[in-house]
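What follows is a single structure, written as structure tokens, with notes after it.
Values quoted throughout were computed directly from the atomic coordinates according to the rules given, and no laboratory measurement underlies them. Predicted model only: the values in this text are computed from it and were never measured. Here the Cβ is made from the backbone with ideal geometry for all residues, glycine too, and neighbour counts use every protein chain on show.
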Amino acid sequence: MDRFVIEGGHRLSGVVPISGAKNAVLPIMAASLIWPDRYILHNVPSLRDTLTMAHLLEIIGARVLFEHNRMEIDTTTCHNPEAPYELVKTMRASFYVLGPLVARFGRCRVSLPGGCNWGPRPVDLHLKAMELLGADVTLEEGYIVARGQLKGNTIDFDVSSVGATGNTLMAAVRAEGETVMTNAAREPEITALARFLQKMGARIDGIGTTTLRITGQNELHGTEEEIIPDRIEAATFLIAGAMAGDKVRIKGASEDHLTDILGKLEAAGAVVNRHEEAIEISRPSATLPVDVVTAPYPGYPTDLQAQWITFMTQAEGNSVVRDNIYMDRFAHVPELIRMGARIRLEGNKATIEGPAELIGAPVMSTDIRASASLVLAALVAGGTSEISRVYHLERGYENIEEKLTALGARIERVADDHRLQKG
Ligand code: EPZ
């Protein structure tokens with residue numbers, strides 16, 4: 001497993017291009033299963049997770065061609081409505097094939113995802129929605145087996161869930177009659193999925209709101225789509241710019257997906273200039289403490305919670321970060337403390353005492369965004385840091401070492417090649 005060696009203390013400047021959004025392309029890839037046809041996707045990020053999803057589509061029988069950020073999917077040859085445990089356990093988003101497979105085949109067998117590195121991540125809302133749409137859902141040896149012809153219904157989500165909204169939407173477009181979803185997630189990635197389904201011929205009203213109305217269709221068809229830019233990648237680089245930047249330019253992001261984080265960065269004193277093609281950010285002379293509470297979109301994203309904690313270690317004063325989406329998503333905190341951060345955890349609330357001088361150290365990645373927070377810390381730490389298990393980063397950040405190197409960071413990939421050590 002490779003690791004990154006980062007020498008801290010270098011100012012960042014220059015342009016960083018933003019890639020396509022991981023959390024938009026994964027459900028869109030799954031949606032191609034709903035109707036047998038050919039689909040062409042542009043601006044697809046080359047990530048571990050997109051390769052994993054492509055592999056899952058091939059296991060189900062699709063043909064996938066993926067090169068130079070362009071993906072062709074042919075689902076006319078699908079024959080095996082199954083998602084095996086060996087694959088689902090490596091990427092929870094595999095569960096997105098549940099809705100499409102029931103919609104297409106009237107039956108499927110999808111491994112129940114396990115927990116993830118920061119704790120349980122239930123799928124009860126997905127299963128309840130499938131049952132409300134008329135599917136018979138059972139758990140058989142760790143697999144969700146769902147079968148039945150889908151009929152429209154009203155689905156009121158107790159909790160705003162991105163995944164459950166996506167799965168339900170993809171099932172409802174083929175359910176007979178009308179489906180109404182309330183308290184649906186309205187993250188930009190769900191809006192992108194809904195627009196993709198519309199381009200396939202689906203009838204969806206209320207896109208961008210928390211109430212979606214779907215009229216099931218008997219016929220759909222293939223289509224072509226450009227994947228939206230990744231707002232979490234963009235915001236991660238914005239935070240890097242606020243910590244160590246001198247006119248870092250984030251190119252290709254959708255500014256209207258970044259309203260909350262941009263407001264927070266400016267409140268912390270970061271110098272933000274909006275240009276036609278790019279958002280430019282520089283670190284302030286003094287960073288001000290700014291509290292954050294995560295919430296469903298358009299609130300502050302939980303996927304930026306770890307990165308904000310790292311940023312606040314540099315603030316002139318104390319701040320509080322509370323994660324109300326995932327109460328236990330703090331595996332990055334002990335690692336940051338090992339680098340000199342002063343953070344107190346009480347349940348889902350982290351109190352960060354700033355400013356703290358960070359010192360490079362060997363640290364371990366545990367999930368995509370925790371890894372990103374360790375990279376941010378290493379960029380400003382004195383000395384050198386070693387971040388192990390960089391495959392977590394590769395799941396969600398395309399070409400991250402090239403992008404950081406182009407900004408002036410000193411980052412080197414070291415392969416943990418045991419064979420050499422044995423020789
Ligand atoms: C999506 O995960 C994202 N993943 C996550 O990003 C992101 O952190 C999360 O949404 C929240 O924004 C993808 O889009 C592939 P949820 P998802 O269902 O769909 C509870 C990353 O780093 N819940 O919106 O799994 C759940 O426990 C990843 O890119 C239920 O209780 O998240 C949580 O508290 C990490 N029952 C809340 O809802 C359910 O059936 C939101 O989860 C489903 C969810």
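Loop-resident GluC sites (Glu not before Pro) (DSSP state other than H, G, I, E or B) in region 184-267 with no more than 12 further Cβ atoms inside 10 Å of their Cβ: GLU219. Computed on the Cα atoms alone, the convex hull of region 22-226 gives a volume of 100 cubic angstrom per residue. Using only the alpha-carbon atoms of the chain as identical scatterers, what base-10 log of I(q)/I(0) does the Debye formula give at q = 0.08, 0.09, 0.10 Å⁻¹? Once normalised to I(0) and log-transformed, intensities are -0.44, -0.56, -0.69. From the helices alone, meaning DSSP H stretches of at least four residues, give me the mean residue ellipticity at 222 nm for the chain, per-run term -39500 (n - 2.57), in deg cm²/dmol to the nearest 500. It comes out at -9000 deg cm²/dmol, rounded to the nearest 500.
Here region 113-265 is treated with +1 on each Lys and Arg Cβ and -1 on each Asp and Glu Cβ, and its dipole about the Cα centre works out to around 280 debye. Short-range pairs are left out: with C-alpha atoms under 8 Å and at least six residues apart, the relative contact order of the chain is 21 percent.
Proximity of backbone amide H atoms, modeled 1.01 Å from N, is registered between ALA83 and ARG109, VAL110, SER111 at under 5 Å, excluding neighbours fewer than 5 places apart on the same chain. Within the shell defined by Cβ-Cβ distances under 12 Å, the residues around GLY383 carry a net charge of -2, with Lys and Arg each +1 and Asp and Glu each -1.
Extension gain for GLU67 to GLU412 (0.36 nm times residue separation, less C-alpha to C-alpha distance): 121.7 nm.
Among the GluC sites (Glu not before Pro) found in region 344-396, those both in a DSSP coil and sparsely packed, with 13 or fewer other Cβ atoms within 10 Å of their Cβ, are GLU357.
Pairwise alpha-carbon distances in region 303-345 exceed 17 Å for 24% of all pairs. For the residue pairs LYS247/LYS403; LYS22/LYS251; LYS22/LYS403; LYS128/LYS151; LYS22/LYS349; LYS89/LYS199, alpha carbon separations beyond 21 Å are given by LYS22/LYS349; LYS89/LYS199. Highest mean packing first, where packing is the average number of other Cβ atoms within 10 Å per residue, the peptides 141-153, 324-336, 96-108 line up as 96-108, 324-336, 141-153. Among the DSSP helices (H) of the chain, none spans at least 30 angstrom by Cα along its long axis with an average Kyte-Doolittle hydropathy of -1.0 or more; this is a geometric and hydropathy rule only. When the square roots of the Cα gyration tensor eigenvalues are ordered a ≥ b ≥ c, the ratio a/c for region 266-363 is 1.5 or more and a/b does not exceed b/c, which makes its shape oblate.
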